[in-house]
1. Quickly run through the range 21-57 and pick out the residues that are more than 16 Å from P120 (Cα to Cα), under 29 Å from the mean Cα position of the chain (by Cα), surrounded by 18 or more Cβ atoms within 10 Å (Cβ to Cβ) and hydrophobic (A, V, I, L, M, F, W, C).
2. Going by what's in this entry, would G271 be described as of a type in the set (G, A, S) and within 25 Å of the chain's Cα centre (by Cα)?
3. Within the range 126-208, considering only helices (runs of 4 or more DSSP H) that don't extend past its boundaries, which have at least 1 residues that are outside the structural domain of G114 (by TED's automatic domain parsing) and at pLDDT 85 or above?
4. Which condition number does S245 fail, the rest of (1) under 23 Å from T112 (Cα atoms); (2) at pLDDT below 85 being met?
5. Within the range 275-294, is even one residue loosely packed, with under 15 Cβ neighbours inside 10 Å and among the basic types (K, R)?
6. Within the range 107-125, how many residues are part of a loop (DSSP other than H, G, I, E, B) and without any contact (Cβ under 8 Å) to a residue 12 or more places away in the chain?
7. Check W248 against each of (1) buried (at least 19 other Cβ atoms within 10 Å of the Cβ); (2) closer than 14 Å to V192 by Cβ; (3) out of contact with any Phe, Trp or Tyr (no Cβ under 9 Å at 6 or more places or on another chain) and name the one condition it does not meet.
Amino acid sequence: MRAHLGDQLVVESAATGVARRDGEIVGLHHEDGTPPYDVRWSDTDQVSLVFPGPDAHIRHIAHGTPPPGHQDPVAPGAVSGAGPGFGAPGAGDIGRRVAVERRRRGLSREETAGRARMSPDYLAYLEEHPADPTLATLVRLADALGTTVAALRGGGTGLPPGQGHALLHPRLRDLGPDECRALLATHGIGRVAVTAHDGRPAVVPVNYEVVDDAIAFRTAPGSVPAAAVGTEVAFEVDHLDEALSQGWSVLAVGPARAVTDPDAARRLTGGAHGEPWAGGEREMWVSIRPTRLTGRRISPGP
């Protein structure tokens, strides 16, 4: 008997083929996938160590990888030894969303697994491989990450934000500078408002970093975002929770300048959390030093 994390252990009753009890395998004790297993039972949601008897069998979930212990030949041209991680080939959409939300909140896998009452090994598997976690697993993960099951499943990603129902008793609160700085540091995409080279106003989304209280983004010379250099600009970032009809926004205002020091530009490039989504050659760094930080949060009232 061999199993993957996320497979189901089914214990049959005396009537052949009738499931008496089943659960999700959330922990392996041997690398080859042989028993015993840590099983989260579907009827109690409790985890126990199980040594399967003759009345039990494994229901393999489609993982996109062979069972433990099975070795496939390396395909011609394939690169072996590639380490797993966020964005690894074959990673499922749910796993990617879990990894993004976990990192956005500054949580380790161990912390997230503890909050979600699951094995860190299973969370690692979920983030790095295609998987079909149970609804109960998604509910626990969403609660641990402060988000919703629909968000982890990607529901509503193609819809424009802000179409949810308004709260019955919304509370609109101004944010202080320290809270604004903390929220700015959690995000990677914001909007810069500039006067374009043709004299018209424009608002452009950019990937950004926060370094030493300054907002920095990469662009190309002559582009619309590059028009920010030498002017006072506004930079906005926000987050909406469609399911709960609440969210926040932060607005930074200040002068923008081009980062001309080669060492400073190299440090920014080396410390960047990702490449600009727009692609292309974007080697010009622009830095905004906020002179005014304001923000608002909408949340449920008393």
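1. None; the set is empty.
2. The answer is yes for G271.
3. Passing ranges, in order: 177-184.
4. (1)
5. So far as the range 275-294 goes, yes, one or more of its residues are loosely packed, with under 15 Cβ neighbours inside 10 Å and among the basic types (K, R).
6. Selection size over the range 107-125: 1.
7. For W248, the exception is condition (2).
Conditions (1) modelled with pLDDT of 85 or more; (2) under 30 Å from D241 (Cβ atoms); (3) not assigned by TED's automatic domain parsing to the domain that holds P221, marked per residue:
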site	(1), (2), (3)
R267	no, no, no
G270	no, no, no
H273	no, yes, no
P276	no, yes, no
G279	no, yes, no
W285	yes, no, no
P290	yes, yes, no
T294	yes, yes, no
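The values are calculated or read from the model by the stated rules, or taken from the named source; none is laboratory data. Quick caveat, the model's predicted, so the values are computed rather than measured. Cβ coordinates were reconstructed from backbone atoms using ideal geometry, including for glycine residues, and neighbour counts include every protein chain displayed.
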